[in-house]
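Step one of this worksheet: look at the structure below.
The values are calculated or read from the model by the stated rules, or taken from the named source; none is laboratory data. Remember, it's a predicted structure, so these values are computed and weren't measured experimentally. Cβ atoms come from the backbone with ideal geometry, glycine included; neighbour counts cover every protein chain shown.
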Amino acid sequence: MSALQPAQAYDRHTGRYGAELAAAFVSFAGVRPGMRALDVGCGPGALAAELAQRLGSTQVGAVDPFENYVEACRKRVLDADVRLGTAEALPFEDVAFEAVLAQLVVQVLEDAPRAAREMRRVAAPGGVVAACVWDFEDRMPLLSAYWAAAENVDPEGARLASGDDANPWCTPAGLSRLWGDAGLESVETGELWASAEYAGFDDAWWSFAAGVSPSGAYCRSLDEQRRAALREEFRRRLGAPTGPFTLTARAWSVRGLAR
């Protein structure tokens, strides 16, 4: 595993898209000055930091189930109310926020419907509840190339280890259904875009080799020969870059209003 702390390792993985995605997501959600906002599943705090910039840090709450991420977010967004807890049992009172947002969280939840109901519970009447997830099926090049390479090298193992693209909520229709079933009104979906720069192929490969996230855990589970084959197939599917390059990814988004 990497010598970096988990929050730093995440920032080198898909977290490097986080700030640009957060800016687009907050705009999509319609967050306005004067609101109190909650970041559900805050991780190291990219979304919380964007909310703090727009609203002031004392207007921001955040929650994550991992202590290392909670501490990282507290350091990143001073004076925000950052708590340890899960999306399925949010440690906040009813109707406490005018905006409740979850960035790149829905796909990893144990009980997404329950979490959506919890997000509605802590939203004030008329408040916005929003989420976004990567388009795992088509337009998240880093992960798409990686899992396509894995399926080429290790078809059965890759199918067992992946799963985000099979998540029923990771499409516009799935997100819309999830929000509607949670009792949210005026539900709308959209798409957001964010880019990340890589110093070279090794920079893109680093997080997988370091064991970051489920994709990295799968990489670390392979024997040396298959891991080397995965690396070369991943390089090929990224276009065999020989210098710096940029990848642009799409996220699906949903928003609705609490009653």
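Please work out which one of (1) at pLDDT 95 or above; (2) touching a strand residue (DSSP E or B) at 6+ places or on another chain (Cβ under 6 Å); (3) among the basic types (Lys, Arg) is the condition ARG139 fails and give its number.
Here ARG139 clears every test but (1).
With the requirement that a residue be exposed (fewer than 15 other Cβ atoms within 10 Å of the Cβ) and among the hydrophobic types (A, V, I, L, M, F, W, C), what does the stretch 67-94 give you?
LEU78, LEU84, ALA89
One residue is enough: does the stretch 35-49 have a residue meeting the conditions without any contact (Cβ under 8 Å) to a residue 12 or more places away in the chain and part of a helix (DSSP H, G or I)? Give the steps one after another, and end with the answer.
Initially, the stretch 35-49 is screened for residues without any contact (Cβ under 8 Å) to a residue 12 or more places away in the chain, giving none.
No, the stretch 35-49 has no match at all.
Out of (1) part of a strand (DSSP E or B); (2) within 30 Å of LEU184 (Cβ to Cβ), the odd one out for PRO214 is which?
(1)
Return the only residue of PHE97, PHE25 being crowded, with 21+ Cβ neighbours inside 10 Å, more than 19 Å from SER213 (Cβ to Cβ), touching a residue at least 24 places away in the same chain (Cβ under 8 Å) and within 15 Å of the chain's Cα centre (by Cα).
So the residue among PHE97, PHE25 that is crowded, with 21+ Cβ neighbours inside 10 Å, more than 19 Å from SER213 (Cβ to Cβ), touching a residue at least 24 places away in the same chain (Cβ under 8 Å) and within 15 Å of the chain's Cα centre (by Cα) is PHE25.
I'm told PRO168 meets every condition in (1) at pLDDT below 95; (2) surrounded by 15 or more Cβ atoms within 10 Å (Cβ to Cβ); (3) not in a helix (DSSP H, G or I) except one. Can you identify the failing condition by its number?
Going through the list (1) at pLDDT below 95; (2) surrounded by 15 or more Cβ atoms within 10 Å (Cβ to Cβ); (3) not in a helix (DSSP H, G or I), PRO168 breaks only (2).
Restrict the check to the stretch 222-232 and report whether at least one residue is buried (at least 19 other Cβ atoms within 10 Å of the Cβ), within 22 Å of ALA19 (Cα to Cα) and not hydroxyl-bearing (Ser, Thr, Tyr).
The answer is no; no qualifying residue exists.
Does ARG120 fit the bill of being crowded, with 19+ Cβ neighbours inside 10 Å, charged (D, E, K, R) and not in a strand (DSSP E or B)?
When the stated conditions are applied, ARG120 passes them.
Filtering the stretch 130-148 down to residues that are aliphatic (A, V, I, L, M) and under 16 Å from the mean Cα position of the chain (by Cα), which residue is surrounded by the most Cβ atoms within 10 Å (Cβ to Cβ)?
First, the residues of the stretch 130-148 that are aliphatic (A, V, I, L, M): 130-131, 133, 140, 142-143, 145, 148.
Those still in the list that are under 16 Å from the mean Cα position of the chain (by Cα) too: 130-131, 133, 140, 142-143.
Values: ALA130: 26, ALA131: 32, VAL133: 25, MET140: 24, LEU142: 22, LEU143: 21.
The extreme case among them is ALA131.
Going by what's in this entry, would LEU178 be described as assigned to a helix (DSSP H, G or I), touching a residue at least 12 places away in the same chain (Cβ under 8 Å), in contact with a strand residue (DSSP E or B) (Cβ under 6 Å, 6 or more places away or on another chain) and aliphatic (A, V, I, L, M)?
Against the criterion (assigned to a helix (DSSP H, G or I), touching a residue at least 12 places away in the same chain (Cβ under 8 Å), in contact with a strand residue (DSSP E or B) (Cβ under 6 Å, 6 or more places away or on another chain) and aliphatic (A, V, I, L, M)), LEU178 does not qualify.
Looking for whichever is within 15 Å of THR14 (Cα to Cα) and hydroxyl-bearing (Ser, Thr, Tyr) here; the options are SER215, SER221. Which one fits?
SER215
Do we find that GLU20 is in contact with a strand residue (DSSP E or B) (Cβ under 9 Å, 6 or more places away or on another chain), part of a helix (DSSP H, G or I) and closer than 25 Å to TYR198 by Cβ in this structure?
Spelling it out, GLU20 is indeed in contact with a strand residue (DSSP E or B) (Cβ under 9 Å, 6 or more places away or on another chain), part of a helix (DSSP H, G or I) and closer than 25 Å to TYR198 by Cβ.
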